[in-house]
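Chemist: One structure follows; several queries about it will come next.
The values are calculated or read from the model by the stated rules, or taken from the named source; none is laboratory data. This is a predicted model, so every value here is computed, not measured. Note: ideal-geometry Cβ built from the backbone for every residue, glycine included; neighbour counts use all protein chains shown.
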């Protein structure tokens, strides 16, 4: 009797785990997450401006200021990791799952994105995607040779399970850390000495063909939808902004945009002091002070574009 009970317990536990995994893969994108992600952005209704990028946008865009400038009709979706391939899929998800109207999509012009492997750089993006989107991202990863048994287990089974299990407890906490996808914390600079001496080396980074193709895919998708769009490069701390490899990657990115006659705004087109250490948390994420200063100037440039 004891053995039978043990077997039944194991079977029940296995069935429960399988159900949780199936639920996560099929319905995580419909979970009522607040202040971040595709579902919350869709719930926001018609939007004048949608930012779509990585943690750089999440850290560098002050959403209350954007709210004031765009009558609250703005959102920041910055859970694509550093990957343009993921950005393409996220954009297609929004258009597929939403009947709302969107005035302008702002995509991140991140030069080093061209060098990122097509991989699971931010598990949050999987949570945001529908089952079809999850399969498409997995397909892109497989085409790039970045899948194996352990990655499959992480991708479809373990990734996001902690969020699902702890959702009632952690969601209220996480929802206070973001506002419409952007950070709300008052991050301060570690100081000029730290930033000037922080070590980084991007000299050996190599281009990834899939990420390069993804830039053109974004442009093609937007034009196919009749969607207004623009690419925006956020300022980095001057040491990264002036790095030779960074500048080379930016020229490669710009070449793709120019070949496709796509609009863009460079860091230098916005009045912002990338040499001011008080404006940065690290090489490419701004402090709260920098975020506010940059957002003010970005709004001005975007508004000037509207007027013309």
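Chemist: Quickly run through the range 1-34 and pick out the residues that are within 21 Å of residue 133 (Cα to Cα) and either out of contact with any helix residue (DSSP H, G or I) (no Cβ under 8 Å at 6 or more places or on another chain) or outside any helix (DSSP H, G or I) (or both). It would help to see each step written out before you state the result.
Modeler: Filtering the range 1-34 down to residues within 21 Å of residue 133 (Cα to Cα) leaves 18-34.
Correct list: 18, 19, 22, 27, 31, 32, 33, 34.
Chemist: Okay, next question. So which of 13, 26 is surrounded by fewer than 16 Cβ atoms within 10 Å (Cβ to Cβ), touching a residue at least 40 places away in the same chain (Cβ under 8 Å) and closer than 21 Å to residue 166 by Cβ?
Modeler: 26
Chemist: Please find, within the range 134-162, the residue that is farthest from residue 122 (Cα to Cα) out of those that are within 18 Å of the chain's Cα centre (by Cα), part of a helix (DSSP H, G or I) and without any contact (Cβ under 8 Å) to a residue 60 or more places away in the chain.
Modeler: So the residue we want is 136.
Chemist: Quick one: in the range 56-88, which of the residues that are out of contact with any strand residue (DSSP E or B) (no Cβ under 9 Å at 6 or more places or on another chain) and in a helix (DSSP H, G or I) is surrounded by the most Cβ atoms within 10 Å (Cβ to Cβ)?
Modeler: Ranking the candidates gives 86 first.
Chemist: Continuing with the same structure: Can you find even one residue in the range 222-240 that is in a helix (DSSP H, G or I), out of contact with any strand residue (DSSP E or B) (no Cβ under 6 Å at 6 or more places or on another chain) and surrounded by 20 or more Cβ atoms within 10 Å (Cβ to Cβ)?
Modeler: Yes, the range 222-240 contains a residue that is in a helix (DSSP H, G or I), out of contact with any strand residue (DSSP E or B) (no Cβ under 6 Å at 6 or more places or on another chain) and surrounded by 20 or more Cβ atoms within 10 Å (Cβ to Cβ).
Chemist: Additional query: So the check is Cβ under 6 Å with 6+ separation or different chains; which pairs have a first residue in the range 180-207 that's in contact (Cβ under 8 Å) with a residue 40 or more places away in the chain and a second one that's loosely packed, with under 13 Cβ neighbours inside 10 Å and assigned to a helix (DSSP H, G or I)?
Modeler: Final answer for the pair search is none.
Chemist: I would also like to ask the following. Out of all the residues in the range 273-284, is one or more within 13 Å of residue 109 (Cβ to Cβ) and either surrounded by fewer than 19 Cβ atoms within 10 Å (Cβ to Cβ) or modelled with pLDDT under 95 (or both)?
Modeler: yes
Chemist: In the range 167-208, which residues are surrounded by fewer than 10 Cβ atoms within 10 Å (Cβ to Cβ) and either touching a strand residue (DSSP E or B) at 6+ places or on another chain (Cβ under 6 Å) or assigned to a helix (DSSP H, G or I) (or both)?
Modeler: If the condition is that a residue be surrounded by fewer than 10 Cβ atoms within 10 Å (Cβ to Cβ) and either touching a strand residue (DSSP E or B) at 6+ places or on another chain (Cβ under 6 Å) or assigned to a helix (DSSP H, G or I) (or both), then 168, 169, 173, 193, 197 are the ones that fit.
Chemist: Residues of the range 38-50 being touching a strand residue (DSSP E or B) at 6+ places or on another chain (Cβ under 7 Å) and either part of a helix (DSSP H, G or I) or on the phi > 0 side of the Ramachandran plot (or both), which ones?
Modeler: Result: 38, 41.
Chemist: Let me ask something additional. For residue 257, only one of the following conditions fails: (1) in a helix (DSSP H, G or I); (2) exposed (fewer than 14 other Cβ atoms within 10 Å of the Cβ). What is its number?
Modeler: For residue 257, the exception is condition (2).
Chemist: Of the residues that make up the range 123-133, is at least one touching a residue at least 60 places away in the same chain (Cβ under 8 Å), under 25 Å from residue 243 (Cα atoms) and in contact with a strand residue (DSSP E or B) (Cβ under 9 Å, 6 or more places away or on another chain)?
Modeler: No, there is no match, as no residue in the range 123-133 is touching a residue at least 60 places away in the same chain (Cβ under 8 Å), under 25 Å from residue 243 (Cα atoms) and in contact with a strand residue (DSSP E or B) (Cβ under 9 Å, 6 or more places away or on another chain).
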